[in-house]
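Only one structure is covered here, and it is reproduced in the block below.
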Amino acid sequence: MYLVTGGAGFIGSHLVEALVERGERVRVFDNFSTGRREFLRPWEGKIEVVEGDLRELAAVRRAVEGVEFVLHQAALRSVLRSVDDPLSTDDVNVRGTLHLLVASRDSGTVRRLVYASSSSVYGDRPELPKREDQLPSPISPYAVSKLTGEYYCRVFSHLYGLETVSLRYFNVFGPRQSPESKYAAVIPLFLQACFRGEPAEVHGDGLQSRDFTYIDNVVEANLLALAAPGVAGEVFNVACGERHTLLEILDVFERFSGRPIARRHTAPRPGDVRHTEASIEKARERLGYRPKVGFEEGLRRTYEYFRRTWGVGQDEIDLGKTRG
């Protein structure tokens, strides 16, 4: 039995999909504060859904009953959210993760827990690419919460023998990622602007760069981390090993749509780092991880998903071109 915390969310629902396709028994634990039930609808009758909150230890204990493998995706995400509300970020991401580790340790059945960490733990240090042996330097409450979760995972491996693996995600994007929040990620927001014919909001000069990672690569890394031998207590970057600017993304979407996208530059966001780029050598050597979907192909798949989901036809895009 596999438990996916946050399984109704963007990343979690893709993991659920992959596990179901492999014929695994899957349980989802989610409080549905940001997760969406419709993401799980294709697998109704094939998965078990437990509604609950990480901050309630009794609920977490029920969720891990009979579970062998845990994929811990549930969190309060977003650097900006954590700047606005550090207390909630700590409560969910730190205390909630500790609840899950304690419940997994005490279950008698959990064999391995894979924890979703973040590239934000590196902070704004200038060294590129980011390597797992570099000293973390978090500059936001979110980054602190994710790094604390990593440390707890390592302690539970070394002290209690609970196998844990932490994966530092670098700017994950893809289908099902929501633009409907002031904390939304940049790619769905850019697509929303593209299809609405509105200016895209660009924080700062747009030349800040990220190692954007398509969702299928993240799913693959999680599945590898569940099975790789000799990696308990370890931390791995999950990325593509290259970086692209925000303006590059807009250039690609302009090419896909065939029309210009206006840009509205605003002030940089507090807590954001200037550049990220990962070394993925450790993940390649120890997990066998190799990104299967590159940057532009991932953008194309994401573009087509949202075009279909929002019911935007090519004729509408062409009409917008003529009006522009």
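The values are calculated or read from the model by the stated rules, or taken from the named source; none is laboratory data. Given the structure is predicted, the values throughout are model-derived calculations rather than measurements. When we count neighbours, we look across all protein chains shown, and the Cβ atoms used for this are built from the backbone with ideal geometry, even at glycine. Only protein heavy atoms, including side chains, enter the accessible area calculation; ligands, DNA and RNA are left aside. Shrake-Rupley method; radii C 1.70, N 1.55, O 1.52, S 1.80 Å.
Tabulated results
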| read-out | value |
| --- | --- |
| Å² of accessible area per residue within the chain, as computed with a 1.4 Å probe and no ligands counted | 43 Å² |
| Label point 7 Å beyond Cα of Ala262 along Cβ direction - residues of segment 162-197 with amide nitrogen under 15 Å | 193-197 |
| Theoretical ellipticity at 222 nm over the chain - DSSP helices of four or more residues, -39500 (n - 2.57) apiece, nearest 500 | -12000 deg cm²/dmol |
| DSSP-defined antiparallel bridges as percent of all bridges, the chain, nearest 5 | 5 percent |
| Label of the coordinate-derived value, log10 I(q)/I(0) by the Debye sum over Cα atoms at q = 0.07, 0.10, 0.13 Å⁻¹, listed as (1) -0.36, -0.70, -1.04; (2) -0.27, -0.56, -0.95; (3) -0.31, -0.63, -1.04 | (2) |
| Within the accessible area of the chain (1.4 Å probe), percent carbon and sulfur | 48 percent |
| Virtual spin-label span in nm between Arg95 and Arg274, 7 Å along Cα→Cβ | 3.7 nm |
| Cβ-based net charge around Phe10, under 10 Å, with every Lys or Arg adding one and every Asp or Glu removing one | +3 |
| Centroid-to-centroid separation of segment 9-25 and segment 241-285 [C-alpha atoms, Å] | 27 Å |
| Loop-located trypsin sites (Lys or Arg not before Pro) in segment 150-209 whose Cβ has at most 11 other Cβ within 10 Å (DSSP) | Lys182 |
| Nitroxide proxy distance, nm - points 7 Å out along Cα→Cβ at Arg125 and Ser33 | 3.1 nm |
| Mean Kyte hydropathy of -1.0 or more with a Cα span along the axis of at least 18 Å, helices from DSSP in the chain | 141-160, 215-227 |
| Spin-label model distance (nm) - Glu44 vs Thr309, 7 Å beyond Cα toward Cβ | 2.0 nm |
| Of the GluC sites (Glu not before Pro) in segment 10-92, those whose Cβ has at most 11 other Cβ within 10 Å and which sit in DSSP loop | Glu44 |
| Environment charge of Val252, counting only residues whose C-beta is closer than 9 Å and scoring Lys/Arg +1, Asp/Glu -1 | -2 |
